[in-house]
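The values are calculated or read from the model by the stated rules, or taken from the named source; none is laboratory data. Computed from a predicted structure; not experimentally measured. Note that we place each Cβ from the backbone using ideal geometry, even for glycine, and neighbour counts take in every protein chain shown.
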Amino acid sequence: MICVSIARTRHKMVMAEHQALAQRGAKLVELRVDWIARAPDVPRLLKDRPTPVVVTCRRREDGGKWAGSEAERQTVLRTAIISGADYVDLEDDIAKSVPRYGKTKRIISHHDFESTPDNVEEIWAEMAELNPDIIKLVTTANSPSDCVRLLKLVEGAKIPTIAFCMGEFGIPSRILCGKYGAPFTYAAFSAEREIAPGQLTFKQMTDIYHYDSINRDTKVFGVLGDPIGHSLSPVLHNAAMHKIGFNGVYLPIRVTRDQLPQMFDDFPWLDVQGYSVTIPHKEAALAKYPECEEIVTQIGAANTLFRVDGKWRSDNTDFSAALDSLQLAFQPGDTLDGKRILMLGAGGVARAIGLGVTRRGAVLTIASRSADRAKALAESLACRHITWENRGSEFADILINCTPVGMYPAVNETPFHSNWMRDEMVVFDTIYNPENTLLLKEAREHRCRTVSGVEMFVRQAAAQFSRFTGQPAPLEMLKETLRTSISAAK
């Protein structure tokens with residue numbers, strides 16, 4: 001179950017949002033009465049409530065907005081109990097001062113806004129002595145490994161326990177706590193109403209992660225990266241699993257370079273079945289799990305980790321996804337053999353594509369804003385490189401952009417000027433947001449055949465999905481989901 005937090009300054013706004021949430025299917029709501037600008041009228045908020053509620057009145061030192069005295073705050077909490085609130089949230093240091101009364105259930109809570117302390121088990125044990133119906137222990141994750149510690153606490157608790165981590169590192173624990181027995185988790189009313197760091201919205205928890213469908217048997221997957229907040233992979237993979245009825249959940253996992261080895265040591269407890277891997281971890285992922293096909297070793301980077309008979313293998317789905325996408329612009333029977341390709345960029349994606357096109361007989365030239373990287377990649381692929389400034393003078397049948405130039409929000413930029421284009425050439429932009437980059441728009445004006453990054457992104461995701469689930473991915477649905485998500489984010 002998801003408890004949705006409402007934090008507004010006026011009683012009328014609180015009640016209106018409560019009604020709206022009930023209509024959207026919310027089953028439990030937290031009323032953050034410390035946000036109300038004047039003295040909260042708790043009986044008014046509880047009268048004719050459309051769902052059960054948790055009444056919370058948080059002090060400033062605990063991340064709240066209560067401006068009155070402590071005596072007045074505890075009076076508000078007692079009033080909530082007397083008025084028949086379904087739950088009341090009591091911090092562990094005041095729990096003994098507010099006695100149990102009636103049918104109101106006691107949530108005894110403890111928050112740490114700086115870290116996940118070494119003694120979380122001791123903190124939990126002390127809270128268990130305070131006559132709780134539910135224990136709520138929330139810490140701050142400074143690494144993804146902190147999530148495992150809190151989820152272990154949930155699983156082993158003899159008293160119903162809500163335990164998860166705040167912050168971006170802690171997002172997996174918010175999504176998975178129900179899998180291990182937490183009676184509910186918390187979500188924000190909307191993205192503009194985040195109550196605590198890393199809190200997801202009710203819409204995200206229901207529409208993307210399908211939280212109420214997660215159970216003990218749910219298989220866990222995720223994307224590793226830093227940063228990770230921009231990734232649309234969770235949207236695609238969770239939608240695809242939901243579409244085919246696969247009991248799985250796919251998480252955004254932020255992890256730094258330094259934290260990655262420890263994360264790989266700690267996450268087996270979560271029994272993760274597969275990872276997508278993005279910047280900056282592709283090389284490290286392959287080094288950790290070197291079992292792979294030869295082409296992945298040649299690329300030197302993995303964007304996929306998956307398990308076969310309990311053993312981890314690496315893959316790079318960018319390779320085949322790029323070649324399949326490029327083929328969309330060809331005439332029937334046409335191949336890459338002998339085609340002259342100018343590739344802009346010399347990063348990881350460029351290396352994967354470069355290997356693919358040269359293996360199929362294309363004549364490749366590389367241009368990068370980093371001359372050293374262009375030279376190094378060209379030497380490894382046994383092809384030519386030119387300076388970035390001379391890219392417009394190169395004659396090519398196919399132009400492939402592997403740079404971020406033109407990516408949202410810099411949509412008015414292009415890595416290749418219109419007057420350099422040749423009619424009828426193929427132009428492939430690996431950027432997927434926006435789908436119609438300035439480069440592609442200008443290419444169409446020259447009657448060029450174009451391929452967008454959406455094609456490559458959904459194909460690499462579809463290949464990962466098949467590795468993860470053993471089932472074919474719904475490709476057209478992935479495209480539509482990606483396009484809708486890109487549009488909604490703007």
**Message:** I'd like to check something: does the stretch 333-347 contain any residue that is without any contact (Cβ under 8 Å) to a residue 24 or more places away in the chain and either closer than 24 Å to ARG447 by Cβ or touching a Ser or Thr at 6+ places or on another chain (Cβ under 7 Å) (or both)?
**Reply:** yes
**Asked** Can you name the residue in the stretch 44-87 that is closer than 16 Å to VAL4 by Cα, over 31 Å from the mean Cα position of the chain (by Cα) and aliphatic (A, V, I, L, M) and is also surrounded by the most Cβ atoms within 10 Å (Cβ to Cβ) among such residues?
**Response** ALA85
**Complete:** Residue pairs within 6 Å by beta carbon, gap of at least six or interchain, first lying in the stretch 315-329 and part of a loop (DSSP other than H, G, I, E, B), second among the polar types (S, T, N, Q), listed first then second, are ASN316/ASN303
**Message:** Exactly one condition in (1) part of a helix (DSSP H, G or I); (2) touching a residue at least 40 places away in the same chain (Cβ under 8 Å); (3) within 30 Å of HIS210 (Cα to Cα) is false for GLU30; which is it?
**Reply:** (1)
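Quick one: is THR365 among the hydroxyl-bearing types (Ser, Thr, Tyr), out of contact with any helix residue (DSSP H, G or I) (no Cβ under 6 Å at 6 or more places or on another chain) and outside any loop (DSSP other than H, G, I, E, B)?
Details: among the hydroxyl-bearing types (Ser, Thr, Tyr): yes; out of contact with any helix residue (DSSP H, G or I) (no Cβ under 6 Å at 6 or more places or on another chain): yes; outside any loop (DSSP other than H, G, I, E, B): yes.
The answer is yes for THR365.
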**Message:** Can you find, within the stretch 211-240, the residue that is farthest from the chain's Cα centre (by Cα) among those that are crowded, with 18+ Cβ neighbours inside 10 Å and closer than 30 Å to MET13 by Cβ?
**Reply:** TYR211
**Fill in**
Of the residues in the stretch 230-255, those that are out of contact with any Ser or Thr (no Cβ under 8 Å at 6 or more places or on another chain) and assigned to a loop (DSSP other than H, G, I, E, B) come to HIS230, GLY245
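Going by the structure shown, is VAL14 assigned to a strand (DSSP E or B) and either not aromatic (Phe, Trp, Tyr) or not assigned by TED's automatic domain parsing to the domain that holds LEU130 (or both)? Step through it out loud before you land on a result.
Details: assigned to a strand (DSSP E or B): no; either not aromatic (Phe, Trp, Tyr) or not assigned by TED's automatic domain parsing to the domain that holds LEU130 (or both): yes.
When the stated conditions are applied, VAL14 does not pass them.
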**Asked** Looking at the stretch 266-280, which of its residues are surrounded by fewer than 24 Cβ atoms within 10 Å (Cβ to Cβ) and closer than 22 Å to ALA350 by Cα?
**Response** THR278, ILE279, PRO280
**Request:** Mind listing whichever residues of the stretch 118-128 are touching a residue at least 12 places away in the same chain (Cβ under 8 Å) and over 26 Å from GLN259 (Cβ atoms)?
**Result:** GLU126, MET127, ALA128
**Message:** If VAL148 meets every condition in (1) in a helix (DSSP H, G or I); (2) under 30 Å from GLY25 (Cβ atoms); (3) of a type in the set (A, V, I, L, M) apart from one, which number is that one?
**Reply:** (2)
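Could you go through the stretch 463-479 and let me know if any residue there is more than 30 Å from TRP312 (Cβ to Cβ), outside the structural domain of LEU336 (by TED's automatic domain parsing) and surrounded by fewer than 16 Cβ atoms within 10 Å (Cβ to Cβ).
First, the residues of the stretch 463-479 that are more than 30 Å from TRP312 (Cβ to Cβ): 476.
So of that shortlist, the ones also outside the structural domain of LEU336 (by TED's automatic domain parsing) come out as 476.
Those left that are additionally surrounded by fewer than 16 Cβ atoms within 10 Å (Cβ to Cβ): 476.
Yes - at least one qualifying residue is present in the stretch 463-479.
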**Asked** From the set of residues in the stretch 191-209 that are assigned to a loop (DSSP other than H, G, I, E, B) and under 14 Å from the mean Cα position of the chain (by Cα), which is nearest to LEU176 (Cα to Cα)?
**Response** TYR209
**Request:** Just give me the residues in the stretch 15-28 being under 29 Å from the mean Cα position of the chain (by Cα) and surrounded by 19 or more Cβ atoms within 10 Å (Cβ to Cβ), in sequence order.
**Result:** GLU17, HIS18, LEU21, ALA26
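Go through the stretch 129-145 and give me each residue that's free of Cβ contacts under 8 Å to residues at least 60 places away in the same chain, part of a loop (DSSP other than H, G, I, E, B) and within 22 Å of the chain's Cα centre (by Cα). Talk me through it step by step, then tell me what you get.
The initial filter retains those residues of the stretch 129-145 that are free of Cβ contacts under 8 Å to residues at least 60 places away in the same chain, namely 129-142.
Next, from what is left, pick out any that are part of a loop (DSSP other than H, G, I, E, B): 129-133, 141-142.
Of everything in the stretch 129-145, those that are free of Cβ contacts under 8 Å to residues at least 60 places away in the same chain, part of a loop (DSSP other than H, G, I, E, B) and within 22 Å of the chain's Cα centre (by Cα) turn out to be ALA141, ASN142.
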**Prompt:** Can you spot a residue in the stretch 97-109 that is assigned to a helix (DSSP H, G or I) and under 20 Å from ARG58 (Cβ atoms)?
**Reply:** yes
